[in-house]
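Notes follow the structure.
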Amino acid sequence: MGTGFDRRRLLQGSAAASALALAAPALLRSAIAQGGSTGGPIRIGFPVPLTGAFGAEANDQVRAAQLAVKTFNEAGGFQGRTAELLVRDDKLNPGEAATRTLELIEKDKVNFLVGGLSAAVTLSINNVARERGVIYNSISQSDAINEAKDFGRTTFHEALNPHMTAGAVGRYVFPKSGKRVAFLSADYAYGHEMMRGFKRAGEASGIEVVADIRHPIGASDYSAFLPRIAALKPDVLCLCNFGRDQVVSIQQATEFGLKRTTKLVAPVLLFTARKAGGDAFDGVIGGTSYYWRLEDSVPSAKAFNDRFRAAYNGAVPSDYGALGYAGIRSVLEGVKAAGSVETDKVVAAMEALKADFYKGPQSFRKCDHQSVQSVLIVEAKSKDMKTPDDVFTILGTEGPDERFLRGCDELGHKA
Amino acid sequence: MSAITIGGFPLDLLALQLVTGIALGAIYVLVGIGLSLIFGLMNVVNFAHGAFFMVGAYVGVFLYGYTGSFWLSLVAAPLAMGLLGLAVERVLVRPLYGRGIDDPLLLTFGLSYVMVESVRIAFGLTGLPFGAPPELRGAVDIGIGYFPLYRLFLIGFALAVVGVLWLFIERTPFGLVIRAGARDPQIVQVLGIEITKVWLAVFALGCALAGLAGILAAPLQGVTPEMGVPVLAEAFVVTVVGGMGSLAGAVLAGLIVGIVVAMTSLVAPDMTKMAIFALMALVLLVRPRGLLGRAGALG
C-alpha cells in the first residue's frame with residue numbers, strides 16, 4: 001500500500017511541475033477557445049493501448065469510437081460542427097499515457113478526452129486531465145477513479161467498476177454454486193479490487209474463503225498453483241485476473257480437471273478472451289458490461305450491432321468496444337444537451353443525461369460520475385453455437401441500481 | 001490425502017507439485033538447449049529465440065487446422081523453424097561473425113521484433129485458441145492425485161528429445177565436429193572442415209528446437225504473438241544457471257528451475273517470478289560459470 005501512495009505522490013508532483021511549465025500555453029489556449037469556439041471540429045482525444053497485451057480490446061474500442069463519431073457527424077453534428085477522433089497509443093504504460101494526454105490537451109487542443117484501458121493507465125490520464133480541467137470519460141474498469149482522492153469535477157467513468165462487476169457475479173454465483181470459495185488473483189490493483197467485490201457480495205451468502213492465492217501479473221504458467229487448489233476441492237474458484245492471464249489460467253485449470261468439482265468464475269468475462277481461449281472456457285461464468293446477443297431483447301443493442309456490422313464487414317462489437325462507443329456518445333450527447341462545448345456546461349449536461357445508447361438505460365451518479373448501468377451475467381459455451389461469435393449464454397442481468405455501488409460517503413465524497 | 005505432512009503440506013500434494021515442476025521444467029529444458037547450443041558453438045546470444053518459439057507454435061497450430069494431426073504439427077513446426085533458422089544464419093547472422101558478441105545480439109533482438117510484428121499482422125492480436133489433441137486430453141490418476149495427461153506426455157517427449165540429441169552430439173562424427181568447433185574453431189578449420197557449414201547447421205538446429213518447444217507449449221497456454229517474451233527470459237536463466245554452452249547443464253538447470261517455481265508457488269505464490277532470478281543470483285555467487293559450464297565461455 002505504501003508504494004501506491006508514493007507513486008501517486010510522484011504522479012501528482014510531476015503533474016504539478018508540468019502544469020507550471022505549461023501554464024502559459026494553457027492560458028493562450030483558453031483565450032483561443034473562447035474566441036474561436038464556433039469554428040472547427042469538436043476534437044476528442046482517445047488514448048488507448050493499441051500495442052501491448054490489451055491491443056485486441058483497444059483496437060475494438062477505436063473501431064466503435066469511430067462509429068460513434070460517424071453517427072454523430074451523419075446526424076448533422078452540433079451547430080454545423082463535426083466531431084473528430086484523435087487516437088493515440090498509450091502502450092499500456094501510465095507514463096506514456098500521461099505524455100500523450102498532455103500532448104492531446106496542449107498541442108492538439110482537444111475539447112474532451114475518452115479512453116484508457118487498465119486501472120493504472122486510466123488514473124494517469126485522469127490525473128493530467130483533471131489538472132487541466134478537461135473532461136475525461138474513462139472506459140476502463142477502476143474502483144479508485146471513483147474515490148474522492150482521484151476524482152475531479154471533470155472525471156467521468158463510463159465503464160463498470162470492479163465493485164459492481166464482481167458484486168453482481170458473486171450475488172449470482174454463490175447462492176447457486178456453494179460457499180467454499182478459492183481465489184486465484186493477479187497481484188495488482190485490479191485483482192485486489194475484484195477480490196474485494198466478491199468477498200463483500202459473499203458476506204450475504206456466508207462464503208468461506210478456503211484459499212487466497214496471488215500470482216504475479218503476466219505469469220506464463222499457472223500449473224504450479226493448481227494442484228493445491230484442486231486438493232481443496234472448492235465449490236467455486238474465482239479467477240480475479242484479466243486478458244491473457246485469464247485465458248491461460250482458465251485453460252490450465254481445465255487441463256488439471258478442476259471443473260469436475262469446482263465452478264470456475266471470472267469477474268470480467270470478455271468476448272475477446274473467450275475467443276482466444278476456445279472451448280477451455282466452456283461453462284465458465286462471469287460478468288460483462290455488454291454482449292452482442294443482448295440484441296435479442298434490447299432494441300438499442302440491435303441498432304448498435306447493425307450499424308457496427310454494416311461498418312465492419314459483419315463483425316460484432318466486443319464489450320470494451322461497446323464502451324468506446326458509449327464513452328464518445330456520452331460526451332457528444334452532453335454537448336448537444338448543453339448547447340455548448342464549454343466544460344462546465346457539458347459537465348452539468350452529462351450529470352443530467354438519461355441515455356440508452358446500446359444496452360438499456362444508464363446515467364451518471366452525481367457524486368462520483370460513475371455510470372449506473374446493468375451488469376450482464378454470462379456463461380461461456382462451446383456447443384450449439386449459431387455463429388463463431390455466439391460464445392456466451394446470458395444467464396441474467398442485474399439492472400442499473402445505485403444500491404450495488406459503494407456509497408458516496410464510503411468513497412469520501414462530501415454530500 | 002496422506003496423513004504425513006511436511007511443513008504443513010500433505011506428502012501427496014508435495015509429490016504432485018514436484019511432478020508439476022518437472023513438467024514445467026521439460027519446456028524450459030527444450031527452450032534452454034537450443035539457446036545454449038547456439039551460444040556454445042558460435043558465441044551468438046540469440047535474442048530471437050523466443051520469437052522462433054512463438055512462430056513455431058503458430059506454424060504448428062496453423063497446420064493442425066489444415067491437417068487435423070497434432071503429430072504432423074510436431075514434425076512440421078521444428079522443420080519450418082529449422083529452415084527459417086538456415087535463412088537467418090546465412091543472410092543475417094553470418095556477416096556479423098568475428099565482430100564480438102554485441103552485434104549479433106542486437107541483430108537478433110531486432111529480428112524478434114520483426115517476427116512478432118509480422119505474426120501480429122498475419123494472424124491478429126488476439127491469438128489463436130489451441131487445446132491438447134483429443135487423445136492427450138484429460139487428467140489421469142498417478143497414485144498421488146490427478147495429473148493432466150498432456151503434461152505427462154510432455155515429460156516423456158522432452159526426455160526422448162534430450163536422449164536423441166545427446167546421442168547425436170556425443171556419438172556421431174558430426175557431433176564430434178560440433179564439440180570440437182565449440183572448443184577451437186580454427187583448428188577444426190585447419191583440419192579441412194568447413195566450420196561455417198557446421199555453424200549454419202547448429203543455428204538451424206537451435207531454432208528448430210525452439211519451434212518444437214513452441215508447438216509443445218501451445219496446448220498449455222494457447223498461441224499469442226507475445227508468448228515468446230517470458231520464455232526468452234526463462235531460457236536465459238536456464239542457460240546461465242546450467243552454464244553457457246553446456247547441454248547437460250541446460251537439462252539440469254531447466255528441471256531445477258521448474259521445480260523451484262512449483263515449490264515456491266506452494267509457499268509464496270506471489271514470489272514465483274522472483275524465485276527464478278534469486279536462484280540465478282545464488283548459483284552465480286557460488287559458481288560464476290554456472291552449474292556445468294566450462295571456463296571462459298564468455299570470452
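The values are calculated or read from the model by the stated rules, or taken from the named source; none is laboratory data. From a predicted model like this one, the values you see are computed outputs, not experimental measurements. Note that each Cβ is placed from the backbone with ideal geometry, even for glycine, and that neighbours are counted across all protein chains shown. Ligands, DNA and RNA are excluded from the accessible area calculation, which covers all protein heavy atoms including side chains. Shrake-Rupley method; radii C 1.70, N 1.55, O 1.52, S 1.80 Å.
Here's the yes/no breakdown for (1) hydroxyl-bearing (Ser, Thr, Tyr); (2) facing another protein chain (nearest Cβ under 7 Å); (3) touching a helix residue (DSSP H, G or I) at 6+ places or on another chain (Cβ under 6 Å); (4) assigned to a loop (DSSP other than H, G, I, E, B):
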residue	(1), (2), (3), (4)
B:ILE121	no, no, no, no
B:THR126	yes, yes, yes, yes
B:GLU135	no, no, no, no
B:VAL140	no, no, yes, no
B:GLY143	no, no, no, yes
B:LEU154	no, no, yes, no
B:PHE157	no, no, no, no
B:ALA160	no, no, no, no
B:VAL164	no, no, no, no
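Scanning segment A:210-224 for residues that are over 16 Å from B:MET227 (Cα atoms), within 28 Å of the chain's Cα centre (by Cα), more than 7 Å from chain B (Cβ to nearest Cβ) and not small (Gly, Ala, Ser) yields one hit, A:ASP212. Please verify whether A:ALA266 is at pLDDT 90 or above and more than 10 Å from every other protein chain (Cβ to nearest Cβ), treating the condition exactly as stated. In short, yes. A:GLY170: in contact with a Gly (Cβ under 7 Å, 6 or more places away or on another chain) and more than 20 Å from A:ILE229 (Cα to Cα), yes or no? Spelling it out, it is not the case that A:GLY170 is in contact with a Gly (Cβ under 7 Å, 6 or more places away or on another chain) and more than 20 Å from A:ILE229 (Cα to Cα). Among residues of segment A:289-316 that are within 22 Å of A:ALA75 (Cα to Cα), those with a beta-carbon under 7 Å from a residue that is β-branched (Val, Ile, Thr) and assigned to a helix (DSSP H, G or I) at least six positions away or on a different chain give the pairs A:ARG307/A:THR71. Of all residues in segment A:330-372, those satisfying the criterion of being surrounded by 16 or more Cβ atoms within 10 Å (Cβ to Cβ), over 19 Å from the mean Cα position of the chain (by Cα), part of a helix (DSSP H, G or I) and of a type in the set (Gly, Ala, Ser) are A:GLY334, A:ALA337, A:ALA338, A:ALA349. For segment A:67-104, the candidate set comprises residues that are among the polar types (S, T, N, Q) and open to solvent by 30 Å² or more (accessible area, probe 1.4 Å); within that set, the residue that is farthest from A:ILE139 (Cα to Cα) is A:GLN79.
Scan segment A:293-316 residue by residue and report those that are among the hydroxyl-bearing types (Ser, Thr, Tyr) and open to solvent by 30 Å² or more (accessible area, probe 1.4 Å). Even if it seems obvious, please write down each step before you answer.
Restricting attention to segment A:293-316, the residues satisfying the condition of being among the hydroxyl-bearing types (Ser, Thr, Tyr) are A:297, A:300, A:312.
A:SER297, A:TYR312 - these are the residues of segment A:293-316 that are among the hydroxyl-bearing types (Ser, Thr, Tyr) and open to solvent by 30 Å² or more (accessible area, probe 1.4 Å).
Scanning segment A:213-229 for residues that are of a type in the set (A, V, I, L, M, F, W, C) and touching an Asp or Glu at 6+ places or on another chain (Cβ under 8 Å) gives A:ILE217, A:ALA219.
Residues in segment A:397-415 that are surrounded by 14 or more Cβ atoms within 10 Å (Cβ to Cβ) and over 11 Å from A:TYR291 (Cβ atoms): A:GLU398, A:PRO400, A:PHE404, A:LEU405, A:ARG406, A:CYS408, A:LEU411, A:GLY412, A:HIS413. Every condition in (1) more than 14 Å from chain B (Cβ to nearest Cβ); (2) modelled with pLDDT under 95; (3) over 24 Å from A:GLU147 (Cβ atoms); (4) crowded, with 23+ Cβ neighbours inside 10 Å is met by A:ALA64 except one, and the failing one is (2).
Looking at B:GLY143, B:GLY110, B:GLY156, which one is within 20 Å of B:LEU212 (Cβ to Cβ), surrounded by fewer than 20 Cβ atoms within 10 Å (Cβ to Cβ) and among the small types (Gly, Ala, Ser)?
Values: B:GLY143 fails: within 20 Å of B:LEU212 (Cβ to Cβ); B:GLY110 fails: within 20 Å of B:LEU212 (Cβ to Cβ).
It is B:GLY156.
Of the helices (runs of 4 or more DSSP H) entirely within segment B:1-99, those holding at least 2 residues that are closer than 13 Å to B:LEU209 by Cα, β-branched (Val, Ile, Thr) and within 14 Å of chain A (Cβ to nearest Cβ) occupy B:11-42.
Look through B:THR264, B:THR239, B:THR272, B:THR224 and report the one residue that is in contact with a helix residue (DSSP H, G or I) (Cβ under 8 Å, 6 or more places away or on another chain), within 22 Å of B:LEU79 (Cα to Cα) and crowded, with 18+ Cβ neighbours inside 10 Å.
Values: B:THR264 fails: within 22 Å of B:LEU79 (Cα to Cα); B:THR239 fails: within 22 Å of B:LEU79 (Cα to Cα); B:THR272 fails: within 22 Å of B:LEU79 (Cα to Cα).
That would be B:THR224, the only listed residue that is in contact with a helix residue (DSSP H, G or I) (Cβ under 8 Å, 6 or more places away or on another chain), within 22 Å of B:LEU79 (Cα to Cα) and crowded, with 18+ Cβ neighbours inside 10 Å.
Restricted to segment B:182-214, and to residues there that are within 14 Å of B:LEU86 (Cβ to Cβ) and without any contact (Cβ under 8 Å) to a residue 40 or more places away in the chain, the residue that is surrounded by the most Cβ atoms within 10 Å (Cβ to Cβ) is B:ALA201. If you scan segment A:251-263, which residues turn out to be more than 10 Å from chain B (Cβ to nearest Cβ) and buried (at least 24 other Cβ atoms within 10 Å of the Cβ)? If the condition is that a residue be more than 10 Å from chain B (Cβ to nearest Cβ) and buried (at least 24 other Cβ atoms within 10 Å of the Cβ), then A:ALA253 is the only one that fits. Just one residue in the set A:ARG180, A:ARG130, A:ARG200 is out of contact with any Pro (no Cβ under 6 Å at 6 or more places or on another chain), modelled with pLDDT of 95 or more, open to solvent by 10 Å² or more (accessible area, probe 1.4 Å) and basic (Lys, Arg); that residue is A:ARG130. Would you call A:ASP319 of a type in the set (Asp, Glu), within 23 Å of A:PHE225 (Cα to Cα) and either touching a residue at least 40 places away in the same chain (Cβ under 8 Å) or open to solvent by less than 20 Å² (accessible area, probe 1.4 Å) (or both)? In short, no.
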